[in-house]
Amino acid sequence: MEKTIKKIGFIYYLVYTTTILATMVGYLLTMNSTNHIDSKSTMGIALTSIVILYILLSIPLSLGGFHKMTKKWMLIEDENMKLKTYEKGAIIRLLLIGIGLVGSIIVFFLLRTDVSLIYCAAISAFALLFCKPSQGKIISELKLEEE
């Protein structure tokens, strides 16, 4: 179980690290530049809409879908197989939410005036808090016996 927690935790912190790096790079690239996409243009509206729709769909589907799948996974008899499937599902959930987080940061720096993308990033970061791996969480979700 420790290996599973470490692997999921690595991906969890990797998403946050990627977000911080994307923020730093975006800031440094756009700090003195006047080149950006107008948020009122067709391209700006399309990018904003895509990010918002992705976040609105991916967060509930990934969190709800993962919860639904854990009910199926807890019926698996083999504990190793149960942990492996849980690990794969948790990584997919983290990546789905993380793509929205990093994507909203990138599009924010491309547009530079659309504050709604900062709110989208905050919502995604908050959703990631529900995905933080812990031993107690895995035990309760999979109905494992404590060692």
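The values are calculated or read from the model by the stated rules, or taken from the named source; none is laboratory data. Note that this is a predicted model, so its numbers are computed, not measured. All Cβ positions, glycine included, derive from the backbone under ideal geometry; neighbour counts span all protein chains shown.
In this structure, TYR27 does satisfy being over 17 Å from PRO133 (Cα atoms) and of a type in the set (Phe, Trp, Tyr).
Just to be sure before I move on: is LYS40 without any contact (Cβ under 8 Å) to a residue 12 or more places away in the chain and assigned to a helix (DSSP H, G or I) in the structure I sent? For LYS40, the condition - without any contact (Cβ under 8 Å) to a residue 12 or more places away in the chain and assigned to a helix (DSSP H, G or I) - is not met. Kindly establish whether PHE109 is within 30 Å of GLY26 (Cα to Cα), among the aromatic types (Phe, Trp, Tyr), surrounded by 12 or more Cβ atoms within 10 Å (Cβ to Cβ) and under 11 Å from the mean Cα position of the chain (by Cα). No: the conditions fail for PHE109. Among the residues making up region 70-84, those that are surrounded by fewer than 16 Cβ atoms within 10 Å (Cβ to Cβ), in a helix (DSSP H, G or I) and not basic (Lys, Arg) are GLU79, ASN80, MET81. Restricting attention to region 1-37 and to residues that are in a helix (DSSP H, G or I) and of a type in the set (Gly, Ala, Ser), the residue that is surrounded by the fewest Cβ atoms within 10 Å (Cβ to Cβ) turns out to be GLY9. LEU101 falls short on exactly one of the conditions (1) over 26 Å from LEU144 (Cα atoms); (2) free of Cβ contacts under 8 Å to residues at least 40 places away in the same chain; (3) crowded, with 18+ Cβ neighbours inside 10 Å, and that condition is (2). Would you call VAL107 modelled with pLDDT under 90 and more than 25 Å from GLU2 (Cβ to Cβ)? Judged against the criteria, VAL107 is not a match.
Just one of the listed residues (ILE92, ILE50) is of a type outside the set (Lys, Arg), under 18 Å from the mean Cα position of the chain (by Cα), outside any loop (DSSP other than H, G, I, E, B) and loosely packed, with under 13 Cβ neighbours inside 10 Å, namely ILE50.
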